[in-house]
Amino acid sequence: MNNIQLIKLLHNMSAKINEHKDYLTELDQPIGDSDHGINMARGFKALEDKLDSLKDKDVSTILKTVGMTLVSQVGGSSGPLYGTAFMYAGNALNGINEITLNDFSIALNSAIEGVKMRGKASVGEATMLDAMVPALDGLNQAINNKLSIKDTLNNVYDKAQQGANSTIPMIATKGRASYVGERAIGHLDPGAQSFAYLMETIKEFY
Ligand SMILES: Nc1ncnc2c1ncn2[C@@H]1O[C@H](COP(=O)(O)OP(=O)(O)OP(=O)(O)O)[C@@H](O)[C@H]1O
Ligand SMILES: [Mg+2]
């Protein structure tokens, strides 16, 4: 994937988030403050306005700009967390012109490190990490098994969505969801679901 395709993909991600904005906000209602879809849509809208001016930038710069835009435009937890994820991914791809599956793995690994550094959560606490880490495992597995790009990205999405679903029985110990204690049980984590939507967008791109 080159820089022009990356910009197209980011437009598609923005459309995907917008399409599911109300559902993401609904997921945030029982365990949070009913704003996850609104937050994500606001961030991606601000990004949309910038994307076309980034056409002659490299993929690293584009991803870092996405990160900075999300940090500056989205309040709450998800802006800084997703923003850090994109900034780390961008840093990891310095000097790259064409993103391969291997590069995607390096970038996603780095994004996860960023989220962990920023949010101090780990897998099993009902956050976006519960979708991100299985997605990376699925990606690495598929690369090792030399699956086609299409099969690999299908696998990444499946693992991300399964990971998001795995938050349903969890008690959240990070973010606002931790305030509701055991009442978080039975609810899908909104940030894990929005990450699964981003992986679905990548899958649909190929
Ligand atoms: N410490 C954390 N580490 C990783 N992800 C987190 C953390 N805290 C919150 N999240 C993710 O952020 C999502 C909530 O994002 P939202 O846009 O609703 O921001 P918010 O209302 O400020 O969040 P929160 O209420 O969780 O602090 C959660 O569903 C979870 O996936
Ligand atoms: Mg919220």
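FYI, it's all coordinate maths here, none of it is from the lab. Model, not experiment: these values are computed from the prediction. Using ideal geometry, Cβ is built from the backbone for each residue, glycine included, and neighbour counts are taken over all protein chains shown.
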For this session: Describe numerically, in nm with one decimal, the distance between label points set 7 Å from Cα along Cα→Cβ at Q5 and at S148.
Result: 1.5
Problem set entry | Vicinal HN-Hα couplings computed from phi for the range 121-135 (Karplus, 6.51 cos²θ - 1.76 cosθ + 1.60; Hz; Gly/Pro x) | 9, 9, 4, x, 10, 6, 9, 3, 4, 5, 9, 5, 5, x, 4
Exercise. From the residues H20, S122, T69, which one has its Cα farthest along the dipole of the chain in the positive direction, the dipole being from +1 and -1 charges on Cβ of Lys/Arg and Asp/Glu about the Cα centre?
Worked result: T69
Exercise. What is the distance in Å between the Cα centres of the range 15-73 and the range 143-172?
Worked result: 21
Problem set entry | Helix-only CD estimate at 222 nm, as mean residue ellipticity for the chain, using -39500 (n - 2.57) per DSSP H run (n ≥ 4) | -23000 deg cm²/dmol
Exercise. If the cut-off is 16 Å between C-alpha atoms, which aspartates and glutamates fall inside it for K45, apart from same-chain ones fewer than 8 positions away?
Worked result: E19, D22, D35
Exercise. Rounded, prolate or oblate: which fits the range 71-143, taking a ≥ b ≥ c as square roots of the Cα gyration tensor eigenvalues, rounded meaning a/c under 1.5, else prolate when a/b beats b/c?
Worked result: oblate
Exercise. Given charges of +1 on the Cβ of Lys and Arg and -1 on the Cβ of Asp and Glu, with all other atoms neutral, how large is the dipole of the chain about its Cα centre, in debye to the nearest 20?
Worked result: 320
For this session: Starting from the Cα gyration tensor of the range 1-125, take the square roots of the eigenvalues, sort them a ≥ b ≥ c, and report rounded, prolate or oblate (rounded when a/c is under 1.5, otherwise prolate if a/b is larger than b/c, else oblate).
Result: oblate
Exercise. Pairs K57/K203; K64/K146; K120/K159; K16/K159; K21/K146: which exceed 27 Å Cα-Cα?
Worked result: K64/K146; K21/K146
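Could you size up the charge dipole of the range 60-154 around its Cα centre, putting +1 on the beta carbon of Lys and Arg and -1 on that of Asp and Glu, and report it in debye to the nearest 20? Mind showing how you got there, number by number?
Numbers: 6 positive and 7 negative charges, 34 e Å.
Computed about the Cα centre, the dipole is about 160 debye.
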Exercise. Relative contact order (percent) for the range 136-187, with alpha-carbon contacts under 8 angstrom and 6 or more residues of separation?
Worked result: 26
Seminar exercise, completed: Note on the chain: contact order normalised by length, alpha-carbon pairs under 8 Å, 6 or more apart, percent, works out to 22
For this session: Estimate the FRET efficiency between R183 and D137 by the formula 1/(1 + (r/R0)^6), using the beta-carbon distance for r and 22 Å for R0, to the nearest 0.05.
Result: 0.15
Exercise. For the range 98-206, what does the alpha-carbon gyration tensor say about shape, rounded, prolate or oblate, given a ≥ b ≥ c as the root eigenvalues, a/c under 1.5 as rounded, and a/b over b/c as prolate?
Worked result: prolate
